[in-house]
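The values are calculated or read from the model by the stated rules, or taken from the named source; none is laboratory data. Quantities reported herein were computed from a predicted structural model and do not represent experimental measurements. Don't worry about glycine lacking a Cβ; one is built from the backbone with ideal geometry, like all the others, and counts go over all protein chains shown. Accessible surface is based on the protein model in full, side chains and every heavy atom, while ligands, DNA and RNA are left aside. Shrake-Rupley method; radii C 1.70, N 1.55, O 1.52, S 1.80 Å.
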Amino acid sequence: MTAPIPRVDFERYMVISATMGPQGSLGNQIAIVAIDSSGPILKVRIELTLLQCPALGAIAYPVDVVRVPKRRRRGVSFVDRYTVVRCPD
């Protein structure tokens with residue numbers, strides 16, 4: 001089941017997405033955990049979780065999307081933090 005697509009007023013907001021592309025583990029995750037809009041550069045903090053377990057033949061496309069107020073900016077900076085989870089032996 002797919003959730004309905006929310007409406008976005010692009011005159012007032014912009015949409016930021018973070019994606020990992022195709023992943024061979026269903027446990028791999030990506031999340032936008034913080035947005036710092038205090039300066040001229042919008043800073044987006046991303047957390048990625050990489051599960052190092054054998055894949056079950058499934059491919060996932062992890063993604064996270066947020067809506068933020070639109071303001072005039074010089075750019076966007078993404079800061080990544082990786083967590084690697086090892087599977088038990």
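What is the number of the single condition among (1) within 23 Å of residue 5 (Cα to Cα); (2) more than 13 Å from the chain's Cα centre (by Cα) that residue 52 does not meet?
(1)
Considering only residues that are in a strand (DSSP E or B) and open to solvent by less than 40 Å² (accessible area, probe 1.4 Å), look in region 4-29 and name the one that is farthest from residue 70 (Cα to Cα).
23
Within region 36-67, work out how many residues are assigned to a strand (DSSP E or B), touching a Leu at 6+ places or on another chain (Cβ under 9 Å) and surrounded by 15 or more Cβ atoms within 10 Å (Cβ to Cβ).
2
Give me the residue from region 68-84 that is in contact (Cβ under 8 Å) with a residue 60 or more places away in the chain and under 29 Å from residue 24 (Cβ atoms) and, out of that set, most open to solvent (accessible area, probe 1.4 Å).
78
From the list 26, 42, 56, 51, which one is of a type outside the set (Lys, Arg) and in contact with a Gly (Cβ under 6 Å, 6 or more places away or on another chain)?
51 is the lone residue from the list that is of a type outside the set (Lys, Arg) and in contact with a Gly (Cβ under 6 Å, 6 or more places away or on another chain).
Can you name the number of the only condition in (1) closer than 25 Å to residue 84 by Cβ; (2) assigned to a loop (DSSP other than H, G, I, E, B); (3) open to solvent by less than 50 Å² (accessible area, probe 1.4 Å) that residue 32 fails?
Here residue 32 meets the rest and fails (2).
What pairs come out if I take residues in region 1-26 that are on the phi > 0 side of the Ramachandran plot and pair them with residues that are open to solvent by 70 Å² or more (accessible area, probe 1.4 Å) whose C-beta lies under 8 Å away, six or more apart or interchain?
From residues that are on the phi > 0 side of the Ramachandran plot, the pairs are 21/61.
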